[in-house]
Amino acid sequence: MTHASGYNFAYLDEATKRMIRRALMKAVAIPGHQVPFGAREMPLPFGWGTGGIQVTASVIGPDDVLKVIDQGADDTTNAVSIRRFFARVTGVATTERTAEATIIQTRHRVPETPLREGQILVYQVPMPEPLFRLEPRVAETRRMHALAEYGLMHVKLYEDIARMGEIATSYNHPVMVNRRYLMSPSPVPAFDNPKLDRMPALQLFGAGREKRIYAVPPYTPVRSLDFDDHPFQPIRADAPCALCGARDSYLDEIVTDDRGGRRFICSDTDWCRQRRETTRP
Amino acid sequence: MSEIYPLLEARGLSLRFGPVAALEEVALALWPGEVVAIVGESGSGKSTLLRVLGGLAAPDAGRVAYRAADGALHDVQGMGEAARRRLHRTEWGFVQQNPRDGLRMGVSAGGNVGERLMAIGARHYGGIRAEATAWMRRVEIDPARIDDLPATFSGGMQQRLQIARTLVTRPRLVFMDEPTGGLDVSVQAKLLDLLRSLVADLGLAMLLVTHDIAAARLLAHRLLVMRHGRVVEEGLTDRVLDDPQHPYTQLLVASVLAA
């Protein structure tokens, strides 16, 4: 399949891609460090994944196979339109199967299928700065990163335990990358945090509106912040998936009526489908 | 006995803001465990001096040297920002005039007290909380209010909370800028009393900026009188206040209202 005429391969011009690749190289060299880049206007609004799209556009080649997920699902509006966008401007093959993809662009989830070497996971990030709710001055947060002064993040976790009895960040739980940089794991659920640790695939994070790129190279240690006496715990709804029966996957809660009826199903649609295909032939 | 060195020593400090001389040739030495008050009227340069001594502002000329707990001598202006901020987290403490500048108003009292502990690496929630409770008791705030926001505290309580938050890591040197400003007289007296016992218990060295002569007399061992950016008189507190030599000091002492 060939790509649409009138546009450069992968929509962005080559100079822009080169600029973004340079930022990516620096980000990979300093795991967890936020690298500024000149985010472009994209044919969709900021907040819809412009950062992730620009990163994907800069690393994608004609032989790649692309998968796009939104909250784990391949079939939601954001995922469908971004996948179609790349099919049109690059002509690359697309897939819904995690194992077949070479590049997976994601919004707010890490696939349940373990990723392998050679794959690239591209996250769409709304707010790259983990300290932004605690320290309003951007210059000060950058100084704190430079000096690795991260006590303030623990103040936030302390407040959670004092008020809620436990660390209540069920998503976007802050992590330390390579024992040096504090990083916001895009807003993935805390359940996914352990998957970031020593992942064989390359993880790239793009924040379009905030114009920042950061990365976690393969096999980099990623540790979720916690207290010695309140260890980090990935949170998961206590139920099996209503479709495939999985007890180890992250679940979406679906309200089915106005009388409190609800079902839990796998957030990762590809994982759920695979399980149903293998368990019920 | 080993030789005793000054904790903080400044020489020839000068700083101008345009045509205004905020500091002119100021020299000062602070010894371990000593409380020195810097008094003077508004605009005399006392707060500027405090900021320069604490490394928060750079002088046009002069040097400030600090002798750390390990005996090493640091040039406060010349040391890197990382080292200076480390000092501010560990061996130094700053108490602001307005507790709202020194506290995190969106964080509970316990979180405020615990912040410095967490900043130097405390990672045990129970331990941090126990320490915060002990310090709240020590500054006479009901420990039951550990999870309340400082905004729900009175002015005097906020100031005491700020003191607890600063002293929790047992600094060796505390800078205080008008700690009793904005408090009513009975609350001031209580706060001064508390400060005096804490300083004695912890063996703190303290630099206190105040325009309140009574506070200076109560807390300070030595007094520096500043006017127009210069130190016009210096000496033991009782000596300076009972037998002022410089005409300005005489005026300052004479203008204190007798109760």
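The values are calculated or read from the model by the stated rules, or taken from the named source; none is laboratory data. Predicted model only: the values in this text are computed from it and were never measured. Don't worry about glycine lacking a Cβ; one is built from the backbone with ideal geometry, like all the others, and counts go over all protein chains shown. Surface accessibility is based on the protein's heavy atoms, side chains included, excluding ligands, DNA and RNA. Shrake-Rupley method; radii C 1.70, N 1.55, O 1.52, S 1.80 Å.
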key: Filter result for residue A:176 (more than 14 Å from chain B (Cβ to nearest Cβ), at pLDDT 95 or above and either within 23 Å of residue A:122 (Cα to Cα) or open to solvent by less than 10 Å² (accessible area, probe 1.4 Å) (or both))   = no
message = Can you report the number of residues in the stretch B:206-228 which are open to solvent by 20 Å² or more (accessible area, probe 1.4 Å) and farther than 19 Å from residue B:20 by Cβ?
response = 7
Residue within the stretch A:259-272 that is open to solvent by 60 Å² or more (accessible area, probe 1.4 Å) and at pLDDT 95 or above present = no
message = If I ask for residues that are in contact (Cβ under 8 Å) with a residue 60 or more places away in the chain and either within 21 Å of residue A:275 (Cα to Cα) or in contact with a helix residue (DSSP H, G or I) (Cβ under 9 Å, 6 or more places away or on another chain) (or both), which ones from the stretch A:68-91 would you list?
response = A:69, A:71, A:72, A:73, A:74, A:75, A:85, A:86, A:89, A:90
ask   = Looking at (1) more than 14 Å from chain A (Cβ to nearest Cβ); (2) open to solvent by less than 50 Å² (accessible area, probe 1.4 Å); (3) farther than 17 Å from residue B:94 by Cα; (4) not in a strand (DSSP E or B), can you tell me which one residue B:231 breaks?
value = (4)
message = So the check is Cβ under 6 Å with 6+ separation or different chains; which pairs have a first residue in the stretch A:227-246 that's within 14 Å of chain B (Cβ to nearest Cβ) and a second one that's part of a loop (DSSP other than H, G, I, E, B)?
response = A:227/B:123; A:228/B:123; A:228/B:124; A:229/B:124; A:232/A:226
task = Determine the pairs where a residue that is open to solvent by 30 Å² or more (accessible area, probe 1.4 Å), located within the stretch B:110-134, has a partner that is among the small types (Gly, Ala, Ser) with Cβ atoms under 7 Å apart, the partner being 6 or more residues away or on another chain.
result = B:119/A:151; B:129/B:110
ask   = Of everything in the stretch A:142-169 that's facing chain B (nearest Cβ under 8 Å) and not in a helix (DSSP H, G or I), which residue is least open to solvent (accessible area, probe 1.4 Å)?
value = A:149
inquiry  = If I ask for residues that are loosely packed, with under 15 Cβ neighbours inside 10 Å and either within 11 Å of another protein chain (Cβ to nearest Cβ) or over 28 Å from residue A:229 (Cα atoms) (or both), which ones from the stretch A:122-141 would you list?
reply    = A:133, A:136, A:137, A:138, A:139, A:140
key: Those residues of the stretch B:59-82 which are touching a Lys or Arg at 6+ places or on another chain (Cβ under 9 Å) and within 14 Å of chain A (Cβ to nearest Cβ), in sequence order   = B:81
The stretch A:225-241, subset in contact with a strand residue (DSSP E or B) (Cβ under 6 Å, 6 or more places away or on another chain) and crowded, with 16+ Cβ neighbours inside 10 Å, residue nearest to residue A:169 (Cα to Cα) = A:232
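Let's see how each residue does on (1) over 23 Å from residue A:156 (Cβ atoms); (2) within 14 Å of chain A (Cβ to nearest Cβ); (3) of a type in the set (A, V, I, L, M, F, W, C):
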residue: B:120; (1), (2), (3): no, yes, yes
residue: B:125; (1), (2), (3): no, yes, no
residue: B:132; (1), (2), (3): no, yes, yes
residue: B:135; (1), (2), (3): no, no, yes
residue: B:146; (1), (2), (3): no, yes, yes
residue: B:154; (1), (2), (3): yes, no, no
residue: B:160; (1), (2), (3): yes, no, no
residue: B:163; (1), (2), (3): yes, no, yes
remark   = If you go through B:197, B:186, the only one that is of a type in the set (Ser, Thr, Tyr), surrounded by fewer than 17 Cβ atoms within 10 Å (Cβ to Cβ) and farther than 19 Å from residue B:136 by Cα is B:186
Extreme residue, farthest from the chain's Cα centre (by Cα), among residues of the stretch B:165-190 that are within 14 Å of another protein chain (Cβ to nearest Cβ) and touching a residue at least 60 places away in the same chain (Cβ under 8 Å) = B:169
query = Only one of A:194, A:200 is open to solvent by 10 Å² or more (accessible area, probe 1.4 Å) and within 27 Å of residue B:118 (Cβ to Cβ); which?
reply = A:194
note = In the stretch B:16-42, residues that are without any contact (Cβ under 8 Å) to a residue 60 or more places away in the chain and surrounded by 15 or more Cβ atoms within 10 Å (Cβ to Cβ) total 1
request  = Would you kindly identify the helices (runs of 4 or more DSSP H) lying entirely within the stretch A:1-114 that contain at least 2 residues that are modelled with pLDDT under 95 and surrounded by fewer than 20 Cβ atoms within 10 Å (Cβ to Cβ)?
outcome  = A:77-90
message = Looking at the stretch B:1-15 only, could you name the residues that are surrounded by fewer than 16 Cβ atoms within 10 Å (Cβ to Cβ) and more than 11 Å from residue B:64 (Cα to Cα)?
response = B:1, B:2, B:3, B:4, B:5
request  = Go through the stretch B:90-104 and count every residue that is surrounded by fewer than 18 Cβ atoms within 10 Å (Cβ to Cβ) and within 12 Å of another protein chain (Cβ to nearest Cβ).
outcome  = 1
request  = Could you tell me whether residue B:85 is under 30 Å from residue B:151 (Cβ atoms), modelled with pLDDT of 90 or more and away from chain A (no Cβ under 12 Å)?
outcome  = no
task = Check residue B:66 against each of (1) over 21 Å from the mean Cα position of the chain (by Cα); (2) open to solvent by less than 20 Å² (accessible area, probe 1.4 Å); (3) closer than 24 Å to residue B:208 by Cα and name the one condition it does not meet.
result = (1)
